[in-house]
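Down below is the structure, laid out as structure tokens.
The values are calculated or read from the model by the stated rules, or taken from the named source; none is laboratory data. None of these values were measured; they are calculated from a predicted model. Don't worry about glycine lacking a Cβ; one is built from the backbone with ideal geometry, like all the others, and counts go over all protein chains shown.
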Amino acid sequence: MDDVKTQQQSPAPHGGAALPTGRQFELYGGGYRAVVTEVGAGLRVLEYDGDGPRRPLAAGYGEREFVHSGAGQLLLPWANRVAAGVYEFDGERRQLDVSEPATGNAIHGLTRWLPWKATEQAADRVRLTVRLHPAPGYPHTLDLAADYRVGHDGLSVLIEARNVGERTAPYGLGAHPYLTPGVEPHEGAADEWSLHLPAERYLAVDDRMIPVGAFDVDSSPYDFRKQRPLAGSTLDTAFGGLQRELDGLGRIRLSAADGGTVTLWLDRGLEWVQVFTGDALAGAHKRAAVAIEPMSAPPDAFNSGTDLIRIEPGQVVTHRWGIAYS
């Protein structure tokens, strides 16, 4: 195991005040630069300059800013929503805190605002860990780790969960990067880009964003199996039935008019993706980038049971995803 090295940290503002997302871990490798945050182990910056000019690949936020709209956050131990924060597990009815008042749901897990600890670090890599203790509606203890690396193949992320409690735990994960294909994000930019999403199904939702059914993308506005422009499409939609390439990875590609493409790849076990075109965001963030969110299970999986993972005591579960530019 590598020794933890002194972490690079930007000067604190206002005479030593702490940064909103804590320590900043800056990674370099293969022409890529990433910045990962102590708070939530989130991805604040991702850019590529291996072929000349700097090309932003993720729409993040400044080091002295608060996270907006979930940008770059990890979503553990569930992604997306749990209807009314209520679910039943092994015969026990549970109530999570309602963290999305507008819909009355619990959203995006429990670790987004926790401080994570760097346990390994090198110039191109950082491993952050946190222990998730029992919380209202989630009486389980998980040791979680997020391993970020950059290299010639881009950014790769390994997420690990170990059940260190005494009870079987329901589990799912996701991530919330807002992608941009080497173009500075700006209001309406998504209308200039095209999307290739090789998914067979999409989920329809009710007015609280809870799934009501799965449908084939055939002859629907949600068919992006062949690359096509995003202009005119409003998406906050979960897709399943991802087609895999020969190496076993699923790939979603977002392309600019100049041909630059950012690709989000998902290893097996990440069978769902949420695509959000940012129409509901305010001001300069509106349709400025596209959130392409890898997920191990669909929204409200704690209730539907679809692809919900049961982690037994002592068991470890891992998932991989990443981002690259071409």
The condition from (1) surrounded by fewer than 20 Cβ atoms within 10 Å (Cβ to Cβ); (2) modelled with pLDDT of 95 or more; (3) aliphatic (A, V, I, L, M) that residue 57 misses is numbered (1)
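May I ask you to verify whether residue 94 is over 17 Å from the mean Cα position of the chain (by Cα) and under 21 Å from residue 153 (Cβ atoms)?
No: the conditions fail for residue 94.
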Any residue in the range 147-157 that is in a strand (DSSP E or B) and free of Cβ contacts under 8 Å to residues at least 60 places away in the same chain?
yes
Hey, can you tell me all the residues within the range 126-146 that are without any contact (Cβ under 8 Å) to a residue 40 or more places away in the chain and either farther than 16 Å from residue 85 by Cα or small (Gly, Ala, Ser) (or both)?
127, 129, 131, 133, 135, 141, 143, 145
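With 19, 46 as the choices, which residue is modelled with pLDDT of 95 or more and surrounded by 23 or more Cβ atoms within 10 Å (Cβ to Cβ)? Steps first, answer last, please.
Values: 19 fails: surrounded by 23 or more Cβ atoms within 10 Å (Cβ to Cβ).
Selected residue: 46, the only one of 19, 46 that is modelled with pLDDT of 95 or more and surrounded by 23 or more Cβ atoms within 10 Å (Cβ to Cβ).
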If you go through the range 244-263 one residue at a time, do you hit one that is part of a loop (DSSP other than H, G, I, E, B) and hydroxyl-bearing (Ser, Thr, Tyr)?
no
Looking at residue 157 and the list (1) among the β-branched types (Val, Ile, Thr); (2) touching a Gly at 6+ places or on another chain (Cβ under 8 Å); (3) farther than 30 Å from residue 52 by Cα, which single condition is not satisfied?
(3)
Please enumerate the residues belonging to the range 81-125 that are touching a helix residue (DSSP H, G or I) at 6+ places or on another chain (Cβ under 8 Å), in a loop (DSSP other than H, G, I, E, B) and touching a residue at least 24 places away in the same chain (Cβ under 8 Å).
96, 97, 104
Selection from the range 72-114 of residues that are over 18 Å from residue 297 (Cα atoms) and surrounded by fewer than 15 Cβ atoms within 10 Å (Cβ to Cβ)
90, 91, 92, 93, 95, 97, 101, 102, 104, 113
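Given 162, 167, which one is over 20 Å from residue 293 (Cβ atoms), under 20 Å from the mean Cα position of the chain (by Cα) and either assigned to a loop (DSSP other than H, G, I, E, B) or not hydrophobic (A, V, I, L, M, F, W, C) (or both)? Break it down into steps so the answer makes sense when it comes.
Working: 167 fails: under 20 Å from the mean Cα position of the chain (by Cα).
162 is the lone residue from the list that is over 20 Å from residue 293 (Cβ atoms), under 20 Å from the mean Cα position of the chain (by Cα) and either assigned to a loop (DSSP other than H, G, I, E, B) or not hydrophobic (A, V, I, L, M, F, W, C) (or both).
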Going through the range 231-246 in order, the residues found to be polar (S, T, N, Q), surrounded by fewer than 17 Cβ atoms within 10 Å (Cβ to Cβ) and under 15 Å from residue 204 (Cβ atoms) are 234
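Applying the selection to the range 170-222, what residues are polar (S, T, N, Q), under 21 Å from the mean Cα position of the chain (by Cα) and either outside any loop (DSSP other than H, G, I, E, B) or more than 28 Å from residue 319 (Cα to Cα) (or both)? First the steps, then the outcome.
Just the residues of the range 170-222 that are polar (S, T, N, Q), to begin with: 180, 194, 219-220.
Then keep just the ones that are under 21 Å from the mean Cα position of the chain (by Cα); that gives 180, 194.
The answer is 194, and nothing else.
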